[in-house]
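So the structure is just underneath, and the comments pick up after that.
The values are calculated or read from the model by the stated rules, or taken from the named source; none is laboratory data. Being a predicted model, the structure only gives us computed values, none of them experimental. Backbone-built Cβ (ideal geometry, glycine too); neighbour counts: all protein chains shown.
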Amino acid sequence: MEINQFIELEEQYGAHNYHPLDVVIEKAEGQWVYDVTGKKYLDCLSAYSAVNQGHVHPKILAAMIEQAKKVTLTSRAFRNDQLGLFYKQLSDISGYEMSLPMNSGAEAVETALKLARKWGYVVKGIPENKAEIICVDGNFHGRTISIISFSSEPSYKKNFGPFTPGFVCVPYNDANAIKDAINENTAAVILEPIQGEAGVIIPDEGYLKTVETICKFHNVLLIADEIQTGLGRTGKLFAADHENVKADMTIVGKALSGGFYPISAVLADRKILGLFKPGEHGSTFGGNPLAAAIGRASLSVIIDENLIENSATLGKYFMEKMNEIDSPYIKEIRGKGLFIGVELFPEAGGARRFCEALKERNILAKETHDHVIRFAPPLIIDKETIDWALPRIREVLTMK
Ligand SMILES: *Cc1c(COP(=O)(O)O)cnc(C)c1O
């Protein structure tokens, strides 16, 4: 089939809820993907950081195949031999006592919100149905109706109301705004330590620490959504680690499966996660043995292959080199680890045309919002590959 035929099939028979670059990928390995014509590209999106371990990592693949031959789904009506080991590994790596496995990121966010509300009622003593959760402008936590209820992005919400009540939005990077919004009915604050979909927005140093202190002082739970920033992406296990902040709940997803399978989880200590009782929450696929086996292998790869350190070292190098590019379009380059956003001036005409031009030079990156190009290659990337990419990026950022 011709490349246009694949595209036409998608356009004709599929919903148009994305605006993909017109590259049709057929296979992938490590940091590289190949289209149906055999053309090779460097993946600088990593499926929104779900393939931090690199595409089709052989160890995760082997774990998946081995488990798929044995048992894939038991439902949580029965126990399985993989889940406890997965829990233990998550706990050993993260320092949290417990976890609750789900599938998509949005489901794990919903789980954390439900848990925060329950904690508000049974521990904090908030009157029934009065719990409030504080969120921040520019947030991205997923696409369910409750989650978009507290989005500040009009296109995520338009025509999807009525919305779920109980959320209060305040400006990001403003700890006082959180303090002012807290009242006796506040159960939790939810935020991304670095905002991904908003365009790699890094708050001022000290913001997270101050928010943590405020939450502790007012008996409010802090929920860190690390679905995109977690598991090494920013050069630490969690982005909150840059400020030695430990949220009451941390939400992980995406790279928890190395891109093989949707796996997410809420991590917290027993005093919080222990509040769920049988029948109050669940998921048919959440915590299934196939997911648990894949999750275990994915976590092992991150640790065994020093991907967190590689992200820190090569992220710094990539940013330094990118900063040497003399381009009239660049407003700001910001990032932590291999999580880098290049914000362009509005006069540059939007990030999309730069992403198209990068594609022509065998680099896949995606605009986020209108003016930011996100560079987030798999964490297995090496210096040689970055040196291969840099002149191409320079060429694009200095084109007419
Ligand atoms: C991707 C993402 C989600 C949603 O995850 P899905 O698996 O797409 O539901 C939630 N929060 C953040 C920060 C994300 O980047």
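Please go through segment 21-59 and give me each residue that is out of contact with any helix residue (DSSP H, G or I) (no Cβ under 6 Å at 6 or more places or on another chain) and under 23 Å from Gln195 (Cα atoms), ordered by number.
Asp43, Cys44, Leu45, Ser46, Ala47, Tyr48, Val51, Gly54
Which residue pairs have Cβ atoms closer than 6 Å, lie 6 or more positions apart in sequence or on different chains, and pair a first residue in segment 185-209 that is among the basic types (Lys, Arg) with a second residue that is modelled with pLDDT of 95 or more and more than 15 Å from the ligand (Cβ to nearest atom)?
Lys209/Glu243; Lys209/Val245
Just give me the residues in segment 100-116 being within 9 Å of the ligand (Cβ to nearest atom) and among the aliphatic types (A, V, I, L, M), in sequence order.
Correct list: Ala106, Ala108, Val109.
Got at least one residue in segment 332-348 being farther than 24 Å from Ser152 by Cβ and loosely packed, with under 15 Cβ neighbours inside 10 Å?
Yes, segment 332-348 contains a residue that is farther than 24 Å from Ser152 by Cβ and loosely packed, with under 15 Cβ neighbours inside 10 Å.
Please enumerate the residues belonging to segment 45-58 that are within 16 Å of the ligand (Cβ to nearest atom) and either β-branched (Val, Ile, Thr) or farther than 14 Å from Lys254 by Cα (or both). Before the answer, list the steps.
Narrowing segment 45-58 to residues within 16 Å of the ligand (Cβ to nearest atom): 45-52.
Within segment 45-58, just Val51 meets the criteria.
Please state which of the following conditions Tyr18 fails to meet, knowing it meets all the rest: (1) touching a helix residue (DSSP H, G or I) at 6+ places or on another chain (Cβ under 7 Å); (2) within 16 Å of the ligand (Cβ to nearest atom); (3) closer than 30 Å to Asn362 by Cα.
(1)
Across segment 143-197, which residue is nearest to the ligand (Cβ to nearest atom) among those that are surrounded by 15 or more Cβ atoms within 10 Å (Cβ to Cβ) and on the phi > 0 side of the Ramachandran plot?
Only one residue tops the list, namely Asn173.
Give the residue, chosen from Pro328, Pro377, that is assigned to a loop (DSSP other than H, G, I, E, B) and closer than 21 Å to Arg233 by Cβ.
Values: Pro328 fails: closer than 21 Å to Arg233 by Cβ.
Of the residues listed, the single one that is assigned to a loop (DSSP other than H, G, I, E, B) and closer than 21 Å to Arg233 by Cβ is Pro377.
Here are some residues: Leu42, Leu83, Leu73. Which one is among the aliphatic types (A, V, I, L, M) and closer than 30 Å to Val372 by Cβ?
Leu42
List the pairs whose first member sits in segment 233-245 and is in contact (Cβ under 8 Å) with a residue 12 or more places away in the chain and within 12 Å of Gly315 (Cβ to Cβ), whose second member is among the small types (Gly, Ala, Ser) and surrounded by fewer than 22 Cβ atoms within 10 Å (Cβ to Cβ), and whose Cβ atoms are under 8 Å apart, counting only residues at least 6 apart or on separate chains?
Between residues of segment 233-245 that are in contact (Cβ under 8 Å) with a residue 12 or more places away in the chain and within 12 Å of Gly315 (Cβ to Cβ) and residues that are among the small types (Gly, Ala, Ser) and surrounded by fewer than 22 Cβ atoms within 10 Å (Cβ to Cβ), the close pairs are Gly235/Ala312; Lys236/Ala312.
Could you please let me know if Val123 is modelled with pLDDT of 95 or more and either outside the structural domain of Lys254 (by TED's automatic domain parsing) or within 16 Å of the ligand (Cβ to nearest atom) (or both)?
no
All but one of (1) within 24 Å of Pro20 (Cα to Cα); (2) in contact with a Lys or Arg (Cβ under 7 Å, 6 or more places away or on another chain); (3) in contact (Cβ under 8 Å) with a residue 60 or more places away in the chain; (4) surrounded by 20 or more Cβ atoms within 10 Å (Cβ to Cβ) hold for Leu390; state the number of the condition that does not hold.
Just one mismatch for Leu390, condition (4).
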